[in-house]
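One structure below.
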Amino acid sequence: MRNELILIIDDDRETRALLKFYLEREGYRTVEASDGEVGLAHHMKLKPDLVMLDVSLPRRNGFEVLAEIRRRGDTLVIMVTGRDKPIDELQGYRCGTDDYIVKPFEPDVVVARTTAVLRRAGGRIANRPIRLGKLTVDQSASAAWVDQPTGRKDLQLTPTGYLSAGS
């Protein structure tokens, strides 16, 4: 079973719902954001394995969001957008997207391409947080937390407890 967390940043509710349905049907976990600022906040807090990112977003456009994600690290990003001009696609790749999908799209193809990007990046996500249900252990940050309805609850672990949680 998959356990990767995918952050969907798109201002269109129907697109988010469609992606969420198909990704979760394949076993991925998802979280949604409807604008660039909220998306970046979710990215910082949740450290998703992959971001699905629209270009035309309120508050911060997708190219700005992608640039910020790249400054923060190497999270996988797939741009899913209605911008179908070659110059837009080229800009996406120059900014560092891992794939570029034009709307309208076939949902099963998007899931297949998502799986392929995650598979190819296996080494890149090896050091990413380990998730088991609501528990997350981030070995690179020596941190662990539980996702609760009220938000993230950080766990205070001893060095021995931390090593046990990560193995």
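Taking region 10-34 only, how many residues are buried (at least 17 other Cβ atoms within 10 Å of the Cβ) and on the phi > 0 side of the Ramachandran plot?
0
Quick check, is residue 109 surrounded by fewer than 17 Cβ atoms within 10 Å (Cβ to Cβ), without any contact (Cβ under 8 Å) to a residue 24 or more places away in the chain, touching a Gly at 6+ places or on another chain (Cβ under 8 Å) and of a type in the set (A, V, I, L, M, F, W, C)?
Considered against the rule, which asks whether it is surrounded by fewer than 17 Cβ atoms within 10 Å (Cβ to Cβ), without any contact (Cβ under 8 Å) to a residue 24 or more places away in the chain, touching a Gly at 6+ places or on another chain (Cβ under 8 Å) and of a type in the set (A, V, I, L, M, F, W, C), residue 109 comes out as no.
Scan region 48-64 and give yes if some residue there is aliphatic (A, V, I, L, M), surrounded by fewer than 18 Cβ atoms within 10 Å (Cβ to Cβ), within 29 Å of residue 135 (Cβ to Cβ) and in contact with a helix residue (DSSP H, G or I) (Cβ under 9 Å, 6 or more places away or on another chain), otherwise no.
Looking for residues that are aliphatic (A, V, I, L, M), surrounded by fewer than 18 Cβ atoms within 10 Å (Cβ to Cβ), within 29 Å of residue 135 (Cβ to Cβ) and in contact with a helix residue (DSSP H, G or I) (Cβ under 9 Å, 6 or more places away or on another chain), one finds none in region 48-64, hence no.
Filter region 86-114 down to the residues that are hydrophobic (A, V, I, L, M, F, W, C) and in a helix (DSSP H, G or I) and list them by number.
Within region 86-114, 87, 90, 95, 109, 110, 111, 112 qualify.
Sort through 16, 83 and tell me the only one that's free of Cβ contacts under 8 Å to residues at least 40 places away in the same chain and in a loop (DSSP other than H, G, I, E, B).
83
Kindly provide the set of residues from region 19-41 that are among the hydroxyl-bearing types (Ser, Thr, Tyr) and either part of a strand (DSSP E or B) or out of contact with any Lys or Arg (no Cβ under 9 Å at 6 or more places or on another chain) (or both), ordered by number.
The answer is 22, 30.
Name the single residue that is nearest to residue 100 (Cα to Cα) among those in region 42-57 being in a helix (DSSP H, G or I) and over 10 Å from the mean Cα position of the chain (by Cα).
44
Output the number of residues of region 58-80 satisfying the condition of being farther than 24 Å from residue 111 by Cβ and either assigned to a strand (DSSP E or B) or β-branched (Val, Ile, Thr) (or both).
Count: 0.
Taking only region 13-36 into account, find how many residues are acidic (Asp, Glu), touching a helix residue (DSSP H, G or I) at 6+ places or on another chain (Cβ under 9 Å) and at pLDDT 95 or above.
1
Counting only residues that are assigned to a strand (DSSP E or B) and without any contact (Cβ under 8 Å) to a residue 60 or more places away in the chain, which one in region 1-13 is farthest from the chain's Cα centre (by Cα)?
Step by step, filter region 1-13, then rank; the result is 9.
The values are calculated or read from the model by the stated rules, or taken from the named source; none is laboratory data. Worth saying up front: this structure is predicted, and the values here are computed from it rather than measured. A quick note on method: Cβ atoms are made from the backbone with ideal geometry, for glycine too, and the neighbour counts reach across all protein chains shown.
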